[in-house]
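Here the structure is laid out as structure tokens; the discussion comes afterwards.
The values are calculated or read from the model by the stated rules, or taken from the named source; none is laboratory data. What you see is a predicted model; the values in this text were computed from it and never measured. Methodologically, a virtual Cβ is constructed for each residue, glycine included, from the backbone with ideal geometry; neighbour enumeration extends over all protein chains shown.
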Amino acid sequence: MRSAIRRRLLWLRNWEGANVLILPALVVTAWGRSDHQGAWTLRVCALVLAVWLLASGATYWHLKLTAIRRGRLRLPRWFRSTFQLLRAVSLAGFAAVAAIAFMQWRSGALDLLDLTWAVGLVAFAALEYANYYHVQLKHDTAADWAYLARHARLRRPPLADDLRRAKARRATGRGGGAIRRVLTTSEEEDGR
């Protein structure tokens with residue numbers, strides 16, 4: 001079972017990490033093939049936000065994988081404060097993209113193609129943000145689908161669970177968050 005957990009975490013980390021490179025390569029290639037020379041500032045800021053969230057996810061899965069490889073049941077003590085900062089920067093990124101769009105609209109520099117690219121990238125970033133911090137949107141294992149069928153609702157994502165546990169542990173003076181759910185649902189979730 002532990003090797004299955006390690007393989008799963010390795011896959012999650014590597015896939016999120018690869019997407020940090022793949023997404024910008026695909027998007028910038030598409031932009032480069034277009035004759036349209038619009039407001040690149042908005043497009044690039046929206047792309048950076050999406051990549052930031054992917055990199056945050058890759059970092060989380062790496063920390064979780066490292067903890068399990070080392071036989072630890074907790075993430076590092078600095079996990080909660082770091083991911084609170086990453087979350088705050090993500091929210092600031094959403095605000096920054098909105099502010100740039102507003103300024104370009106006010107100045108008349110915003111066109112439909114730039115807005116379309118920005119909205120698409122921000123929508124992707126918003127889904128990633130929700131998937132990490134609010135509700136698990138990605139369902140790619142039998143356990144995910146079984147939970148959804150049994151409870152008829154989306155569950156809290158692992159990162160949100162780990163942040164909640166780290167907060168509780170900090171309140172009791174015990175440090176970082178304990179690692180519980182990785183691949184399957186826990187009995188604790190059935191009680192929610």
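Kindly indicate the residue of segment 117-132 that is buried (at least 23 other Cβ atoms within 10 Å of the Cβ) and aromatic (Phe, Trp, Tyr) and also nearest to Pro24 (Cα to Cα) among those meeting that condition.
Taking the candidates together, the pick is Trp117.
Considering only segment 65-74, state which residues are surrounded by 13 or more Cβ atoms within 10 Å (Cβ to Cβ), over 17 Å from the mean Cα position of the chain (by Cα) and not basic (Lys, Arg).
Residues satisfying the conditions are Thr66, Ala67, Ile68.
May I ask you to verify whether Arg106 is basic (Lys, Arg), in a helix (DSSP H, G or I) and either touching a helix residue (DSSP H, G or I) at 6+ places or on another chain (Cβ under 6 Å) or surrounded by 15 or more Cβ atoms within 10 Å (Cβ to Cβ) (or both)?
Spelling it out, it is not the case that Arg106 is basic (Lys, Arg), in a helix (DSSP H, G or I) and either touching a helix residue (DSSP H, G or I) at 6+ places or on another chain (Cβ under 6 Å) or surrounded by 15 or more Cβ atoms within 10 Å (Cβ to Cβ) (or both).
Mind checking whether some residue in segment 81-94 is part of a helix (DSSP H, G or I), modelled with pLDDT under 95 and surrounded by 15 or more Cβ atoms within 10 Å (Cβ to Cβ)?
No: segment 81-94 contains no residue that is part of a helix (DSSP H, G or I), modelled with pLDDT under 95 and surrounded by 15 or more Cβ atoms within 10 Å (Cβ to Cβ).
Quick one: in segment 52-64, which of the residues that are hydroxyl-bearing (Ser, Thr, Tyr) and over 15 Å from Arg165 (Cβ atoms) is surrounded by the most Cβ atoms within 10 Å (Cβ to Cβ)?
Looking at the filtered set, the residue picked out is Ser56.
Note down all Cβ pairs under 7 Å where the first residue falls in segment 80-95 and is touching a residue at least 60 places away in the same chain (Cβ under 8 Å), the second is loosely packed, with under 14 Cβ neighbours inside 10 Å, and they're at least six residues apart or on different chains.
Arg80/Lys167
Give me a count of the residues in segment 27-51 that are more than 22 Å from Phe94 (Cβ to Cβ) and of a type outside the set (Val, Ile, Thr).
Total satisfying the criteria: 7.
Given the residues Trp11, Trp78, which is the only one that is surrounded by fewer than 17 Cβ atoms within 10 Å (Cβ to Cβ), under 26 Å from Ala123 (Cα atoms), aromatic (Phe, Trp, Tyr) and modelled with pLDDT of 90 or more?
After applying the criteria, what remains is Trp11.
Filter segment 14-40 down to the residues that are among the acidic types (Asp, Glu) and surrounded by 12 or more Cβ atoms within 10 Å (Cβ to Cβ) and list them by number.
Selection gives Glu16 alone.
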